[in-house]
1. By the gyration tensor of its Cα atoms, with a ≥ b ≥ c the square roots of the eigenvalues, what is the shape of the stretch 230-281: rounded for a/c under 1.5, prolate for a/b over b/c, or oblate?
2. Would you calculate the separation in nanometres between label points at S164 and R142, each defined as 7 Å from the Cα along the Cα-to-beta-carbon direction?
3. Using only Cα positions of the stretch 81-240, each an equal point scatterer, no hydration layer, compute I(q)/I(0) via Debye at q = 0.14, 0.16 Å⁻¹ and quote the log10 values to two decimals.
4. Would you order R115, R297, R216 from fewest to most other beta-carbon atoms within 10 Å of each residue's own beta-carbon?
5. Whole-Å semi-axes of the stretch 101-174's equivalent ellipsoid, largest first, each the root of 5 times a Cα gyration tensor eigenvalue?
6. Compute the Kirkwood hydrodynamic radius of the stretch 207-353, taking the inverse of the mean of 1/r over all pairs of distinct Cα atoms, and give it in Å to one decimal.
7. If R₀ is 22 angstrom, what is the calculated FRET efficiency for the pair T83 and E351, using the beta carbon separation as r and rounding to 0.05?
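Read the figures in this text as sums done on the coordinates, not as results from a lab. It should be emphasised that the depicted structure is a prediction, and the values quoted were computed from it without experimental measurement. Cβ coordinates were reconstructed from backbone atoms using ideal geometry, including for glycine residues, and neighbour counts include every protein chain displayed.
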Amino acid sequence: MRNQNNQILSEVTERLAPPPSPTEESAGERSSHTGHQRDIPSLEPMPAPMHQLAQEFLATPPQPRITSPQLRRNFPVITFLETAEEKVVISSRFKGIAIDFDGTIMKFNFTEGMRQAAFALAMDSIAMEATGQPLPRQERIRIHREAIDHPEKKMSAIIAEHLSPIIGHRLTEKQVMSRWKQYCETLLLTSPERYGRPPRTAINRGIIPLLEGAQRLGKTAGVCTAGDHDFVMPLIRAGHLDHFFDYDKCVFTSLHPEIHTKPHADPYLLIARKMGITPSELLVLEDSATGALAGLRAGAQVILQPSGDREKTLLKLAQAIQHHHATWIRERPNAIIVLTEGAGFTQLVHEDA
């Protein structure tokens, strides 16, 4: 069985390896910051968050009733940088930086590849222990299809539900997660070049210089994510990013069942409280409409670099604002700054740079 597991590990690792791309520390990354510079405006604390911003609404595919020109014209809350040479100067009044993990700190195709590889290995190992055979391909496809069709359901719960009749006894979600965490560790330890020491291509451009600047200026940096703590922290350590973050100033919503997750304001309100600052002193880095809304509702300054379908992300963001008639948000100029596509987070520079 060990040989079978090793073969599966090798196949999954090869299939899900991130594609090659330019190195993180390109010449442009470390060059002097030139070009247009735009100060993030001084923001006053926003009113209390809107009461109900339904998860169901955010999960609904946006309808094409708002175009990009309309976004720019009708939503002054959203500011677009036009060229990669433009820079956003981070004012010294921002005392803390809260950064989402998946798609923001590390590229989504890398983290999701690891996550799904570990689930695939967990499913096969559980099936082999009970039946002597890996999980049938069609069953694996059905599991992934259900996960896509029902994003509100946890992958571990879907796996437990599908595998229970196959293995002949009830499989719990906790047992699936235990096996999944085991294979996350296996991937980190047995594939050092691809996972144990994530290449610079796995860390989004601009993140390391931003964190170095924050550390130099004595600003607090924290991770704010819905990702599993036991998945995120090993990746942060493996990427040699852990010295940038104070663990006590991070928020993993999976460890805080008492709060609502994004797009509610709770995660960013909590991280601001942990940092000992007001939300208006917090700079939020996000890659999704859901995360941007959470930061916006908390009263923070939001920097958005969409990691997926850029147009869909921006439309979803604008529709949520429009849907809830949030005049106080629409009239907040520059509350969300959208970085230039393809620039990563290289357009952010600290005030002293």
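1. oblate
2. Calculated label separation equals 1.5 nm.
3. -0.80, -0.95
4. Lowest count first: R216, R115, R297.
5. 24, 13, 11
6. Details: mean 1/r = 0.0624 Å⁻¹.
After inverting the pairwise mean of 1/r, the radius is 16.0 Å.
7. In this case the efficiency is close to 0.55.
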